[in-house]
């Protein structure tokens, strides 16, 4: 390399870091090249001809012509030992019968690429986290679905068995000559049908709520006027069970979905009746509590075991407490009641009473 070539190379390398330089003869043979060029293109091997450097499928790179505009940069793709071509900015000079070729990687472009790579990596990390979260939620839903189906089969088995057993007895004439026994068989069948209907309705309601499709149709109504009609069927049930149902309500108004509030009251009152022994009392009250209307349902049942309180209002959570009729509860009614109450901007809870039994309550904003 002569002095002129060295000066030209020194000036260029001061301005650019990652560079190629080649000295070529007229035929394009490489007489000299730097280490960066060798490492990038041949992984440290020798480069013998400029054709090994440029990606020139159509033979359009004419170094003689390009050297006539030495101050003009040309973007040309370069082969790499990795097999993935990359673009560099090249200048071509004619000097002392040879050609000097310089190539540089645009530092600004490299920085932009690096910034974009970081952004893409962050975006990928976020997507990965969201995917992991979604997979965890899907696994949880899958487990809940299996538990849901298992519970449905288990809880429907008993009433089906009752219906099958007593209907078989009736068909076989076991009560043909005993009107009272026949009536008792029919009451058992009717009770089993009622249990099945409650279970199916609870499963359907829970499915709607968990899918986010619960819609409220709010109207203004008087609690004092509506609470007795709301609990009419529970009053009939209480009379049948020989339980006293006391209903007390202040003169208050609500803006709420009346049918959903009735559903919550029905659930809590029906539970209280099922856990209260014959001859007991269940008391339902609706009173003002600051800006809220507080509903309470007191029973005289066995209360809530301390170690099972956290299971209340959770999907498929059971307390293990046996109802007065010997059956266990699915707990779905409480889950549904919690969802409905929260959709109204309220809250729900339960505690044991000092005397005996439990108190379930919920409150929602007053009108």
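Values in this text are rule-based calculations from the coordinates and carry no lab data. No experiment lies behind these values; they were computed from the predicted model shown. No Cβ is skipped: glycine too gets one built from the backbone with ideal geometry, and neighbour counts run over all protein chains shown.
Binning at 10 angstrom from zero up to the longest distance, how are the C-alpha pair distances of the range 217-365 distributed in percent?
The distribution over the range 217-365 is 12, 44, 36, 9, 0, given as percents.
How many nm separate the modelled label positions at residue 168 and residue 190, each set 7 Å beyond the Cα in the direction of the Cβ?
About 2.4 nm separates the two model spin labels.
Sticking with the crude label model, points 7 Å out along Cα→Cβ, report the distance from residue 39 to residue 143 in nm, one decimal please.
5.2
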